[in-house]
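Just below is one structure, and these are the notes that go with it.
Derivation of every value follows stated rules applied to the coordinates shown; laboratory data play no part. All values derive from a computational prediction rather than experimental measurement. We place every Cβ from the backbone using ideal geometry, glycine too, and count neighbours over all the protein chains shown.
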Amino acid sequence: MKTTKICPLPWHHFYFNSSGRIKACCSADKAVAPISEDKKSVTEFITENRNHPHLVEVRESWMRGEVPDTCKICVKDLGWKKVDGVSKELAHLEPCDTSIVNYPPRHIDYRFDKTCQAYCIMCVPGDSSRWESVVKHNPKFEKWLQRSANIDYDLDYQWLYDADEIVYLSIAGGEPLLTDRNYDFLHDNMHKIKRLRFISNIHNINESVFDLIEKYSEKIKITVSCDGLYDVYEFVRAGLKWNQFEKNYKRLLTLLPKKRISINFVLMKFNEHQVEEFKEYFSGHDIDMRPAHNADHIYDPEFVNLYKSTLNVS
Ligand SMILES: C[S@@+](CC[C@H](N)C(=O)[O-])C[C@H]1O[C@@H](n2cnc3c(N)ncnc32)[C@H](O)[C@@H]1O
Ligand code: SF4
């Protein structure tokens with residue numbers, strides 16, 4: 001696919017997750033292993049992989065006027081909407097004309113830690129420490145869910161303290177909003193972060209995060225993951241409780257306008273009957289409803305029975 005446009009994300013963005021997989025951005029198709037899996041700090045990891053051969057290849061393809069294979073899915077699904085949006089947002093940064101870069105990423109997708117308190121039916125051990133532990137202790141699940149590789153990072157935020165500017169920081173996980181986490185790294189650096197997004201189940205929110213949202217509400221957006229109301233919620237999101245979710249959702253509504261809280265609804269046969277009621281409940285929010293992907297297991301009755309009995313959901 002030929003083009004005269006260039007998506008700046010492979011230059012200015014950095015995406016990585018808890019298994020160290022790297023992508024050109026979250027919408028890109030291909031995830032690759034890092035240059036080395038040796039334990040290192042998050043800052044060292046970013047520096048080491050900033051010019052990962054995959055990213056260099058993707059940059060070269062854009063410079064040749066060809067949409068890279070990994071980016072075709074984004075262009076196909078969204079047209080040029082995302083590319084045009086980030087081109088505008090990142091226009092003041094270094095030009096995208098070299099395949100090797102010597103400046104830091106300033107558009108970051110941060111999901112280094114898969115610690116989570118839930119076992120959502122459509123999720124996988126690679127994204128949830130709870131699923132990881134269930135599969136480890138109950139090999140019956142291995143038929144559907146494989147344990148994933150995990151890079152053991154030395155957690156540091158030097159990369160954030162060193163940055164002159166962060167145009168966008170998206171934090172997911174695992175679950176990014178947990179009560180026992182320390183969020184000083186965000187409080188200390190909010191003055192240089194232009195946009196901050198959490199993708200969260202909002203089940204357990206640290207008071208310090210509520211403070212952050214209150215203070216910087218104009219910079220923060222939350223993508224709330226919720227795939228059903230009441231009993232359907234509790235079935236699909238094992239480990240989480242509707243009342244607790246609703247309490248936090250209502251508190252967020254006192255701090256952020258609905259347009260800054262979008263809802264991510266993973267469509268499954270378990271919740272499809274609630275779609276209209278769900279839209280009504282969350283009216284005023286942008287709701288992204290997409291079918292579960294890479295989750296064939298959720299339609300195997302044997303898996304569903306094991307899920308129900310192991311996690312005590314009905
Ligand atoms: C892996 S979660 C991590 C963040 C956080 N724990 C949460 O649930 O929002 C990121 C997003 O992926 C969604 N998700 C999980 N499994 C999925 C699947 N099989 N297909 C599509 N989306 C999925 C979640 O609902 C959530 O919105
Ligand atoms: S809350 Fe998020 S990370 Fe945790 S199990 Fe559910 S979808 Fe996965």
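Please list 216-226, 63-73 highest first by mean number of surrounding beta-carbon atoms within 10 Å per residue.
Going by the mean number of other Cβ atoms within 10 Å, highest first, we get 216-226, 63-73.
Take Lys72 and His191, extend 7 Å from each Cα along the Cα→Cβ direction, and tell me the distance between the two endpoints in nm.
That separation, rounded to one decimal, is 4.8 nm.
So how far apart, in nm, are the two label points at Asp231 and Lys30 if each is 7 Å from Cα heading toward Cβ?
So the label points at Asp231 and Lys30 sit 4.8 nm apart.
Find out how many positive minus negative residues lie around Asn17, taking Lys and Arg as positive, Asp and Glu as negative, among other residues whose Cβ is under 11 Å from that of Asn17.
+1
Do the sum for the chain: with -39,500 (n - 2.57) for every DSSP H run of n ≥ 4, divided by all residues, what is the mean residue ellipticity at 222 nm, to the nearest 500 deg cm²/dmol?
Value at 222 nm, helices only: -9500 deg cm²/dmol.
Taking 7 Å along the Cα-to-C-beta vector as the label spot, tell me the Thr4-Ser87 distance in nanometres, rounded to one decimal.
1.0
Just to be sure I understand: of the beta bridges DSSP finds with both ends in the chain, what percent are antiparallel, rounded to 5?
Rounded to the nearest five, the antiparallel share is 15 percent.
Full extension from Glu165 to Arg147: what is 0.36 nm times the residue separation minus their Cα-Cα distance, to one decimal in nm?
2.8 nm
Within the range 44-67, whose backbone N sits under 12 Å from a point 7 Å along Cα→Cβ of Glu94?
Residues 50-51 qualify, since their backbone N sits under 12 Å from the label point.
Mind checking the range 1-83 for chymotrypsin sites (Phe, Trp or Tyr not before Pro) that DSSP puts in a loop (not H, G, I, E or B) and that have at most 14 other Cβ atoms within 10 Å?
For chymotrypsin sites (Phe, Trp or Tyr not before Pro) across the range 1-83 that sit outside H, G, I, E and B with at most 14 neighbouring Cβ atoms in 10 Å, the list reads Trp80.
How big is the charge dipole of the range 149-300 about its Cα centre, in debye rounded to the nearest 20, if each Lys and Arg gets +1 on its Cβ and each Asp and Glu gets -1 on its Cβ?
It works out to roughly 640 debye.
For Lys72, list the aspartates and glutamates whose Cα falls under 14 Å from its own Cα; do not include residues on the same chain fewer than 8 positions away.
Filter leaves Asp29.
Determine the sum of side-chain charges near His137: Lys and Arg each +1, Asp and Glu each -1, restricted to other residues whose C-beta is under 14 angstrom from that of His137.
Neighbourhood net charge equals +2.
Among Lys82/Lys279; Lys143/Lys258; Lys219/Lys247; Lys82/Lys192; Lys23/Lys259, which pairs are too far apart, with a Cα-Cα distance over 32 Å?
Too far apart for the 32 Å limit: Lys143/Lys258.
Which of the listed residues, Trp131, Ile100, Cys71, is farthest toward the dipole's positive end in the range 70-154, when Lys, Arg count +1 and Asp, Glu count -1 at the beta-carbon?
Farthest along the dipole direction, towards plus: Trp131.
Just in the range 222-313: which trypsin sites (Lys or Arg not before Pro) are loop by DSSP and have at most 15 other Cβ atoms within 10 Å?
Passing sites in the range 222-313 are Lys241, Lys269.
Excluding Ala295 itself, what net charge comes from residues whose Cβ is under 13 Å from its Cβ, given Lys and Arg +1 and Asp and Glu -1?
So the surrounding residues net to -2.
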